[in-house]
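The values are calculated or read from the model by the stated rules, or taken from the named source; none is laboratory data. The structure presented is a predicted model; accordingly, all values stated were derived computationally and were not measured. For neighbour counting, all protein chains shown are included, and Cβ atoms are generated from backbone atoms with ideal geometry for every residue, glycine included.
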Amino acid sequence: MSKNLPEPTNSEEVDLGQLFKLIGNAFERFFRFIANIFIGIYNVILILLIHFYKRKVWYATAIIIGGAFGFIIDKKSDKLYGANMFIETNFNSARQVYENINQFHQLANKDADSLELSRRLGVTVGEAAKLKGFYIEPDIDDNVIAEMYSAFYSMLDSVSRVEMTFDRYKSL
């Protein structure tokens with residue numbers, strides 16, 4: 001009778017063992033991958049430190065020479081001061097503001113008339129003589145330019161409308 005009964009198979013236990021072994025191998029490869037990343041980062045940092053250590057004299061020399069040249073150039077160059085201001089003109093007098101700034105620039109830069117410049121600005125003649133120029137530029141965004149173009153375009157005749165484009169208007 002014992003010969004007719006089927007024998008129990010061990011395949012279920014073997015399959016489960018192989019599954020755990022595969023999972024273990026996957027975790028081992030994952031942790032080895034993470035370790036290799038850290039080892040690679042460590043090797044790169046170590047190579048950089050070795051590079052800087054071997055060439056420390058060259059880098060120190062370059063820093064000293066660069067600092068000396070920068071200091072000399074900074075001392076020999078003129079001092080530049082700048083200021084930003086927003087001017088809201090009344091009665092469409094923006095053109096007059098531009099003319100006044102250009103007149104100050106001409107006194108300081110082209111004419112070098114420090115006496116007149118000191119009188120107008122209320123500073124000493126020595127301070128006025130140190131001034132190199134005055135500059136102005138409008139701060140207009142694209143929306144304002146588009147509105148100005150629309151108003152300008154509506155006043156043009158039909159021939160001029162064909163020739164005038166928005167890009168051409170912006171370049172003027």
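For region 135-156, the set of residues classified as modelled with pLDDT under 85 and not aliphatic (A, V, I, L, M) consists of 135, 137, 138, 139, 141, 142, listed by residue number. Of all residues in region 108-164, those that are of a type in the set (S, T, N, Q) and assigned to a loop (DSSP other than H, G, I, E, B) total 1. Within region 67-84, restricting attention to residues that are among the aromatic types (Phe, Trp, Tyr) and in a helix (DSSP H, G or I), the residue that is nearest to residue 133 (Cα to Cα) is 71. Just to be sure, is residue 87 surrounded by 10 or more Cβ atoms within 10 Å (Cβ to Cβ), at pLDDT 80 or above, closer than 30 Å to residue 129 by Cα and of a type in the set (Val, Ile, Thr)? Criteria not met by residue 87.
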